[in-house]
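Please read the structure below before turning to the comments.
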Amino acid sequence: MKTGLVLEGGAMRGMFTAGVIDVLLENGIELDGAIGVSAGAVFGCNYKSKQAGRVIRYNMRFARDKRYCSFRSLFKTGNLYGEKLCYHDIPEKLDVFDVNTYKNSPMEFYVVCTDVLTGKAVYKKCEEGKGEDIEWMRASASMPLVSTVVEVEGYKLLDGGVADSIPLKFFESIGYERNIVVLTQPNGYIKGENKTLPIAKWMLRKYPNLLSALEKRHVVYNETLEYVQQRETQGAILVIRPESALDIGHIEHNPDNMKRVYEIGRQTAQKHLEDIKKFLGESLLKN
């Protein structure tokens, strides 16, 4: 039975996810595969590279750096999160991503992107941890309206959360039968209609299928949450979620607030540690 980790996105709510995966790493909990969306992709890859602490470290270090995330970056480059610093300088020089460990790990790692031409989800297994894999991860986290379209391997891509925010069904469809799902919203959360749609209809008018996906995103998301809750009730998955809203936005320049949300993730994972071990059972022992 293949065990998996499904990581929702949520921009800086991903600090919660970072706390969860660090506790898993520190306790030697290794799964057969993981799949991340948006922040779940760019932060979750550190689970495969076994770099506990890296996500919170570099985010706090560069929180106030305008090259990392700023409207200045958006106006100058078209990207709220600076491509050069985030996807080249940090992983290659400033807080090096362990490509060798990532590549040699037997764990599979997938990311989810949205094809802007079709409005459909694209699922990519990233095996190298560099080059085009980094572009796929960047695409997964490239939020519409504040990011340029990422072109890689013949695709034109943006944020995977538009098409599939919680890719549990996909992971189950490829053989992952025992999954831990990390959500970044509390139980009972219901997504509302996107308030930026009027702007999106003008700025993204070249991509009608993407606009259609954005228009129904809240409906699809809420239906997916219902499926997650159904599978949780059946005991088929284990869900780790914050107990209350994390109170952190898409942009966060306060490293203390990042650390606060990260610590909530750690505390939540530690609280569920015995449940995780029991849920994985014999599948955990093989690792």
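The values are calculated or read from the model by the stated rules, or taken from the named source; none is laboratory data. All figures in this text were calculated on a predicted structure; none of them were measured in a lab. Please note: Cβ atoms are built from the backbone with ideal geometry, for glycine as well, and neighbour counts cover all protein chains shown. Heavy atoms of the whole protein, side chains included, go into the accessibility calculation; ligands, DNA and RNA do not. Shrake-Rupley method; radii C 1.70, N 1.55, O 1.52, S 1.80 Å.
Listing for the model above:
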item: Count of residues meeting criterion [open to solvent by less than 50 Å² (accessible area, probe 1.4 Å) and out of contact with any His (no Cβ under 6 Å at 6 or more places or on another chain)] in region 57-73; result: 8
item: Failed item in (1) touching a strand residue (DSSP E or B) at 6+ places or on another chain (Cβ under 6 Å); (2) among the polar types (S, T, N, Q); (3) surrounded by fewer than 24 Cβ atoms within 10 Å (Cβ to Cβ), with residue 51 passing the rest; result: (1)
item: All helices (runs of 4 or more DSSP H) inside region 143-245 with 2 or more residues being among the hydrophobic types (A, V, I, L, M, F, W, C), touching a Leu at 6+ places or on another chain (Cβ under 8 Å) and surrounded by 21 or more Cβ atoms within 10 Å (Cβ to Cβ); result: 208-215
item: Qualifying residue in region 265-286 (condition: open to solvent by less than 80 Å² (accessible area, probe 1.4 Å), polar (S, T, N, Q), over 21 Å from the mean Cα position of the chain (by Cα) and at pLDDT below 95); result: yes
item: Test: residue in region 24-36 that is open to solvent by less than 40 Å² (accessible area, probe 1.4 Å), under 12 Å from the mean Cα position of the chain (by Cα) and more than 19 Å from residue 258 (Cβ to Cβ); result: yes
item: Exclusive hit being open to solvent by 40 Å² or more (accessible area, probe 1.4 Å), basic (Lys, Arg) and touching a helix residue (DSSP H, G or I) at 6+ places or on another chain (Cβ under 7 Å), set 76, 124, 93; result: 124
item: Residue that is under 21 Å from residue 248 (Cα atoms), over 15 Å from the mean Cα position of the chain (by Cα) and among the hydrophobic types (A, V, I, L, M, F, W, C), where the choices are 150, 116, 146, 182; result: 146
item: Enumerated strands (runs of 3 or more DSSP E) restricted to region 1-115, each holding at least 2 residues that are touching a Lys or Arg at 6+ places or on another chain (Cβ under 6 Å) and at pLDDT 95 or above; result: 108-115
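Rundown of residues vs (1) more than 30 Å from residue 211 (Cα to Cα); (2) touching a residue at least 24 places away in the same chain (Cβ under 8 Å); (3) of a type in the set (A, V, I, L, M, F, W, C), yes/no style:
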| position | (1), (2), (3) |
| --- | --- |
| 46 | yes, yes, no |
| 56 | yes, yes, yes |
| 66 | no, no, no |
| 72 | no, no, no |
| 75 | no, no, yes |
| 87 | no, yes, no |
| 94 | yes, yes, yes |
| 100 | yes, no, no |
